[in-house]
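Shown next, in structure tokens, is the structure this report addresses.
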Amino acid sequence: MQLRVLGCAGSAPGPGLPTSGYLVEAGGVRIVMELGSGVFGALMRHCDPFDLDAVLLSHLHLDHCADFSALTVHRRHHPAPPYDVTERRLPVLAPAHAPSRLAAAHAASRAELAVLRLEEAFDFVPLAPGSYRVGPVEVEVAAMRHICEAYAFRLTHGGASLVFSGDTVPCQELVDLARGADLLLADSAWREQAGRADYLHMSGREAGAVAAAAGVGRLVLTHVLPWSDRDGVLADAVTAFDGPVVLAAPGELYEIG
């Protein structure tokens, strides 16, 4: 299994730094997790979008799904697609309201929205806690704790396992999903913020504590806000987890298993 970081900024992109997007390749299939701002262009450097086997969207904040519109344009308007996209619809595992949410983000007017049917090119699969499959890859899903419907994913193939937290605060559901995983890709938006009211994400230390509790092999910190102290987030995570810890960076490739 391989994990390629396409983008890893939290909430908003930075210079040369797209928001959330990750390409996973395992067992001959290609899965993109998240399509945030700037991710589609990065994806095209590593994979023909027509070769994707599935899209996973943990939740529908735009820093995780804005470039789904670019994928929609590519599939619906490419002048020479390699196959009929209406006959080979791309599976999209996402919250149940994804078709309407993504159509609203794509359409330029109410008139266009009234006739736009993304289901013509995509096979939307509503997420719920449980197990799904993309070819030979098992995708286990758990509900997370965020300000909207949000999920984490555990991808397993050939004895290798990757867990992506999506956006969440620390919770037992994430610890249970990540138990014994080879790699945890964890939301680590910021350093500790005493008395913070916007409790939307994990800090570096909290991500490290989840990794330690779950007994994962490696921790990759992602979704750091562009204005956060990246080195400080990393230093905080190291205090809570004594295994290998790195900051995600666009273009980085991780071999798993």
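The values are calculated or read from the model by the stated rules, or taken from the named source; none is laboratory data. Just so we're clear, the structure is a prediction, and the values are computed from it rather than from any experiment. Cβ: placed from backbone, ideal geometry, glycine included. Neighbour counts: every protein chain shown. Only protein heavy atoms, including side chains, enter the accessible area calculation; ligands, DNA and RNA are left aside. Shrake-Rupley method; radii C 1.70, N 1.55, O 1.52, S 1.80 Å.
Given a 1.4 Å probe and every protein chain left where it sits, what share in percent of the accessible area of the stretch 122-207 is carbon and sulfur? Walk me through the numbers before you get to the answer.
Working: 1640 of 3250 Å².
Answer for the stretch 122-207 is 50 percent, counting heavy atoms of protein chains only.
With no solvent and one equal point scatterer placed on each C-alpha of the stretch 134-257, evaluate the Debye formula and give log10 I(q)/I(0) for q = 0.10, 0.13 Å⁻¹, two decimals.
For the stretch 134-257, the Cα-only Debye profile gives -0.27, -0.46.
Computed FRET efficiency, Cβ-Cβ of Glu138 and Leu253, R0 25 Å: what is it to the nearest 0.05? Spell out each step's value before the answer.
On the way: r = 22 Å, r/R0 = 0.88.
Computed FRET efficiency for Glu138 and Leu253: 0.70.
Kindly state, to the nearest 0.05, the FRET efficiency for Arg191 paired with Arg89, given R0 = 45 Å and r defined as their beta-carbon distance. Before the final figure, lay out the partial values.
Values: r = 43 Å, r/R0 = 0.95.
Once rounded, the FRET efficiency stands at 0.60.
To one decimal place, what Kirkwood hydrodynamic radius in Å is obtained for the chain from all pairs of distinct Cα atoms? Intermediate results must be reported in sequence, preceding the final value.
Details: mean 1/r = 0.0549 Å⁻¹.
Over the chain, the inverse of the mean reciprocal pair distance is 18.2 Å.
What is the extension gain from Ser131 to Glu112, computed as 0.36 nm multiplied by their sequence separation minus the C-alpha to C-alpha distance, in nm to one decimal?
Details: separation 19, 0.36 × 19 = 6.84 nm, distance 3.52 nm.
Length difference between fully extended and current span is 3.3 nm.
Keeping the other protein chains in place, figure out the carbon and sulfur percent of the accessible area of the stretch 1-110, with a 1.4 Å probe.
Numbers: 2070 of 4160 Å².
Roughly 50 percent of what the probe reaches on the stretch 1-110 is carbon or sulfur.
Measure off 7 Å from each Cα along the Cα-to-Cβ vector at Thr239 and Ala80, then give the distance between these two points in nanometres to one decimal.
5.7 nm
Mind jotting down a quarter of the surface of the convex hull over the alpha carbons of the stretch 21-64, in square nanometres, one decimal?
Details: hull surface 11.6 nm².
One quarter of the hull surface, i.e. the mean projection, equals 2.9 nm².
Packing-wise, with mean Cβ within 10 Å as the measure, how do 78-85, 117-124, 168-175, 216-223 rank, highest first?
Values: 78-85: 9.8, 117-124: 16.1, 168-175: 19.0, 216-223: 23.9.
Most protected by this proxy first, the peptides run 216-223, 168-175, 117-124, 78-85.
What accessible area per residue comes out for the chain, rounded to a whole number of Å², with a 1.4 Å probe?
Working: 10230 Å² over 257 residues.
On a per-residue basis, 40 Å².
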